[in-house]
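Notes to accompany the following structure.
The values are calculated or read from the model by the stated rules, or taken from the named source; none is laboratory data. Everything quoted here is computed from the prediction, not taken from an experiment. Cβ atoms come from the backbone with ideal geometry, glycine included; neighbour counts cover every protein chain shown. The accessibility values were calculated without ligands, DNA or RNA, using every heavy atom of the protein model including side chains. Shrake-Rupley method; radii C 1.70, N 1.55, O 1.52, S 1.80 Å.
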Amino acid sequence: MDVTWFPVPRNRVQILGGFWKQWRDLIGKTTLFHQFDELKAEGHLDALSLDQKLHRGRAVGNDWYWGASIFWDSDLAKWLEAASARLEQERDPALEKLVDGVIERFQRAQLPDGYVNSHILTWRPQHRFKNLRDLHELYCAGHLIEAAVVHHEATGKDSLLGVARRYADLLCERFGEDPGKIPGYCGHPEIELALIRLYRLTGEARYLELSRFFIDERGRAPVYFDRERIERLDLREFRPNHPGSPYAYMQAHQPIREQTKVLGHAVRAMYLFAAVVDVGTLERDESLLNTAERLWRDVIDTKLYLTGGIGSASENEGFTRDFDLPNENAYAETCASIGLFLFAHRLLQNRLSSEFSDIMELALYNCILSGIGLDGKSFFYDNPLASAGNHSRLPWPWWCPCCPPNLARLISSLSGYLLSEGEAGIAIHNYVTCRAEFPGLRLVVKSGLPFSGENEITIETDRPIEKTLAFRVPNWTNNPELRINGQTPNTEAKDGYLHLHRVWSGGEKVELNFGMPVKQKFARFEVDADRGRTALTRGPLVYCIEQADNGPELDRYLVSNAAKFHAVDQKETLGGVTVLEGEAFRETGELSQLYSESAPKLESVTLRAIPYYAWANRGPGEMQIWMRRH
Ligand code: FUB
Ligand code: ZN
């Protein structure tokens, strides 16, 4: 077992500039207010009045939905978490007023015993905890608890924490293996993660114990969902119309410790696996940790898109068979990639290896960031790797708006995911311009990422201090260079990190230069969607070609393995990006007959690729990551 690391908390890391400061401020100044307006307009706030008359239904396509859906409380809670993390960085009275207003709504909606859920209390008050399989009660509770922890940490207030603790205490009373308790768990994992966060904040062991109970009970035969179904006199067997065993969708097809292949709904799987690592780490439970690593390998080796997206199928919002990674029909939900990021982050604390931090970076800069438009007010739910021009971000298009506030909470909390500390020293995972505080020592990081691989870290100390600093070497660089005050020191390379042990006197400048060549990527043979195709990456960014730069019919372009692409900085394009330009061929001319003996003609052209995250910001148009190979 490796040495345990702990994330350096958000409030000790200030993001000071560069790429992520821009995004963080866009979220803080624009996205959060936009999302609040949308949540209000759709009726999420009114839903907490628990008054059927205030609910507005809504037509979506041919379907009609009632307000106060089963997951609405979770969307508000994610927004609260995002807004709280923002308040931790910047006091903003206008935002704080909105936050306090939403909290008051939760306070008023909460029953004296601690229960709160707008859907159940409005539409079916007799159904509390009677349909854990479908109704998302503990999922909503989980997001509320997570929001409360962050709100308390950020503002010092107990208003939301009080609500969350009363609810969590009720759950501890009602769920578990003791006689008279409900031996069930939620169809959508999330509460497990939240209880751990509450445990870490309060030190109350019962929250950790309940989390472990939920993890171990899930998937045991007979499956609890069958029992509760019969108890509520629902005689219809559960037969969802999607791949895998019925309960794989809920991660209840098998006890987690026995699972070897990842099945089911991608977000549910990732949240559960992240909690498995948390509990495994806290309880030093090797079996849980080995399970998590085994399932991690399966996802990374057989189910991961080049962009860090996961969960290729819309039918189950999740996994199908190995290497089934279609491009245009990719589901790759933003929340699923966020879940992968959270899972990787937990694994990283348990075993310091860049295999986890590389994936965090990949998911963050590509699939996750693609989920939001450059205006901060438009969102993708699914993140395909190709488009015929019919996929555009929308301001708030969904009956189930899970992704936009999830993305906002991740980016607002980003400072808490950059570094770890432990007895072994300090580890820097992701390079972001920031200042990080440690007892007797501060790190001031300047980073050019994602467009330049040059990073500089200045060490400030109160007095000389002996410490190991471990710097991640990203998997996309071929020639990392590390210098201190211009000299190359002795370092130990281990699992993708350069460990540098010395006495730091203060004032040292560590330069980390990561060469960032343009690379072509090829998928293994089994991925039929990418067979005969190539993709471009540079540094952490995956690139794509768009109609806005290259005209329509992108499938006419062919790129040879030897094609040279070079990086061009474009301050005016797409908020300031580095584009790639290079040689390609274009099939020209039309065949006059349906089939012909003459091959299409090829002309040499210059092809322009943009970072994938920035696609679909210039009106509708085609897009491709995987281009045909010549
Ligand atoms: O069910 C709640 C959330 O809505 C899931 O995590 C997403 O996949 C979406 O279905
Ligand atoms: Zn989502």
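Given labels modelled 7 Å from the Cα in the Cβ direction, how far is it in nm from residue 606 to residue 21?
It is 3.3 nm.
Can you list the equivalent-ellipsoid semi-axes of the chain, largest first and in whole Å, using the square root of 5 times each Cα gyration tensor eigenvalue?
They are 38, 32, 24 Å, listed largest first.
Taking a spot 7 Å from the Cα of residue 568 along the direction of its beta carbon, which residues of region 576-614 have an amide N less than 16 Å from it?
Label zone hits: 576-585, 605-611.
State, to one decimal in nm², a quarter of the convex hull surface area for the C-alpha atoms of region 421-513, i.e. the direction-averaged projected area.
5.6 nm²
Roughly how many Å is it from the Cα centre of region 420-441 to that of region 236-297, as a whole number?
Using only Cα atoms to place each centre, the spacing works out to 31 Å.
Work out from phi, with θ = phi - 60° and the Karplus expression 6.51 cos²θ - 1.76 cosθ + 1.60, the ³J(HN,Hα) of each residue of region 112-120, listed in order in whole Hz, and give x for Gly and Pro.
Whole-Hz 3J(HN,Hα) from phi for region 112-120: x, 7, x, 6, 8, 6, 5, 5, 5.
Assign unit charges at the C-beta atoms only (+1 for Lys and Arg, -1 for Asp and Glu), then state the dipole size of region 421-513 relative to its Cα centre in Debye, rounded to the nearest 20.
Numbers: 10 positive and 13 negative charges, 20 e Å.
Roughly 100 debye, rounded to the nearest 20.
Place a label point 7 angstrom from the Cα of residue 505 along the Cα-to-Cβ direction, then list the residues of region 459-491 whose backbone nitrogen is under 11 Å away.
464
Quick one: if the Förster radius is 22 Å, what FRET efficiency do residue 56 and residue 390 give, using the C-beta to C-beta distance and rounding to 0.05?
Numbers: r = 29 Å, r/R0 = 1.30.
In this case the efficiency is close to 0.15.
Might you tell me the accessible area per residue for region 577-630, computed with a 1.4 Å probe and given in Å²?
Each residue of region 577-630 exposes 54 Å² on average to a 1.4 Å probe.
Any idea how many Lys pairs in region 21-417 come in under 23 angstrom at the alpha carbon, given 8 or more places apart or on separate chains?
Close lysine pairs found across region 21-417: 19.
What whole-number distance in Å separates the alpha-carbon centres of region 544-586 and region 318-383?
If we compute the Cα centre of each part, the gap is 23 Å.
Using the Cα centre of region 193-238 as the reference point, and only Cβ charges (+1 on K/R, -1 on D/E), how large is the resulting charge dipole? Debye, rounded to the nearest 20.
180 debye
Evaluate the Kirkwood expression for the hydrodynamic radius of region 277-320, namely the inverse of the mean inverse distance over all pairs of different C-alpha atoms, and round to one decimal in Å.
On the way: mean 1/r = 0.0850 Å⁻¹.
One over the average 1/r among Cα pairs gives 11.8 Å for region 277-320.
Can you classify region 379-421 as rounded, prolate or oblate using the Cα gyration tensor, where a ≥ b ≥ c are the square roots of its eigenvalues, rounded means a/c under 1.5, and otherwise it's prolate if a/b beats b/c and oblate if not?
Here region 379-421 falls in the oblate category.
Over region 540-592, what per residue volume does the convex hull of the Cα atoms give, in whole Å³?
Working: hull volume 5.4 nm³, N = 53.
In region 540-592, the Cα hull volume divided by residue count equals 101 Å³.
Report ³J(HN,Hα) in whole Hz for each residue of region 308-319, in order, from the Karplus equation J = 6.51 cos²θ - 1.76 cosθ + 1.60 where θ = phi - 60°; Gly and Pro get x.
Each residue's phi maps through the Karplus curve to give x, x, 9, x, 7, 9, 7, 4, 10, 6, x, 8 Hz.
Ignoring ligands, DNA and RNA, please state the percent of accessible area on the chain from carbon and sulfur, probe 1.4 Å. Don't skip to the end; give the middle numbers.
Working: 11720 of 24220 Å².
The nonpolar share, carbon plus sulfur, comes to 48 percent.
Let me cross-check residue 569: its accessible surface, 1.4 Å probe, with only protein heavy atoms counted, in Å² to the nearest 10?
That residue has around 110 Å² of solvent-accessible surface.
Suppose only helical runs count, i.e. DSSP H with n ≥ 4. What mean residue ellipticity at 222 nm does that imply for the chain under -39500 (n - 2.57) per run, divided by all residues and rounded to the nearest 500 deg cm²/dmol?
-10500 deg cm²/dmol, from helical runs alone.
What is the spin-label model distance, in nm, from residue 526 to residue 399 if the labels are put 7 Å beyond Cα along the C-beta direction?
It works out to 3.5 nm between the two label points.
What residues of region 606-630 lie in the reach of a label at residue 314, counting those whose backbone N is under 17 Å from a point 7 Å from the Cα along Cα→Cβ?
Within reach of a label on residue 314: 621, 623.
Suppose each label sits 7 Å from its Cα in the direction of the beta carbon; what would the residue 494-residue 375 distance come out to in nanometres?
The modelled label-to-label distance comes out at 5.0 nm.
Taking the C-alpha atoms of region 382-451, how large are the radius of gyration and the largest Cα-Cα span, Dmax, in Å?
Values for region 382-451 (Cα only, Rg and Dmax): 18.0, 55 Å.
Take every Cα pair under 8 Å in the chain that's 6+ residues apart, average their separations, divide by the length, and report that relative contact order as a whole percent.
Computed value for the chain: 13 percent relative contact order.
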